Amino acid sequence: MARIVIPKKPDFKAEWLNNWRNRDVLAHTRLKKIVLPVLRETATIAEISRLYKLNRNTVRKWVDRYRENGILGLYDRAPGPQTPEFRIPKEVEKYLVDLKNRKMHLTTTDLIQNMRKYRNGYFVKKYPRLKERIPQQTVYSLLERNEVFL
């Protein structure tokens, strides 16, 4: 079995590999330079990771993703969960934005408390998940997204 000779300077930079702007080219480059040599057994994961200065787990992850999803598996994914753990319903979001616009002195904690008390717990009854702790950062981001002066 022929082994790949590791040159002193790779023909492309490791930083370029992680640049999300080169998305389409990037997936094909990962396939050609990293995944295929490992799958064809012309290079080991350790050799590829050393050559392109990548973590072995990253190389292994790309190889596994290619096996599972083909070329689509080599595109970058958004970090974290695809669906947010806690999303405030649009109706509640509108209420919080309107309340903050009317009463600018209220903090995010005050807004959450007012929302829970609104019409004898109307929102809490309609959306039981609102009984749980609502992160202040979630409300802050919501206000920021709606361009409410904070």
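Any residue that is surrounded by fewer than 11 Cβ atoms within 10 Å (Cβ to Cβ), outside the structural domain of Val25 (by TED's automatic domain parsing) and under 13 Å from Leu143 (Cα atoms) - is there at least one of those in segment 107-122?
Within segment 107-122, none of the residues are surrounded by fewer than 11 Cβ atoms within 10 Å (Cβ to Cβ), outside the structural domain of Val25 (by TED's automatic domain parsing) and under 13 Å from Leu143 (Cα atoms).
Would you be able to say whether some residue in segment 92-105 is outside the structural domain of Ala27 (by TED's automatic domain parsing) and of a type in the set (Phe, Trp, Tyr)?
Yes; the residues of segment 92-105 include at least one that is outside the structural domain of Ala27 (by TED's automatic domain parsing) and of a type in the set (Phe, Trp, Tyr).
Regarding segment 57-77, can at least one residue be identified that is under 19 Å from the mean Cα position of the chain (by Cα), modelled with pLDDT under 90 and within 30 Å of Arg129 (Cβ to Cβ)?
Yes, that holds for at least one residue.
The values are calculated or read from the model by the stated rules, or taken from the named source; none is laboratory data. Keep in mind it's a predicted model, so treat the numbers as computed, not measured. Cβ sites come from the backbone with ideal geometry, for glycine too, and all protein chains shown count toward neighbours.
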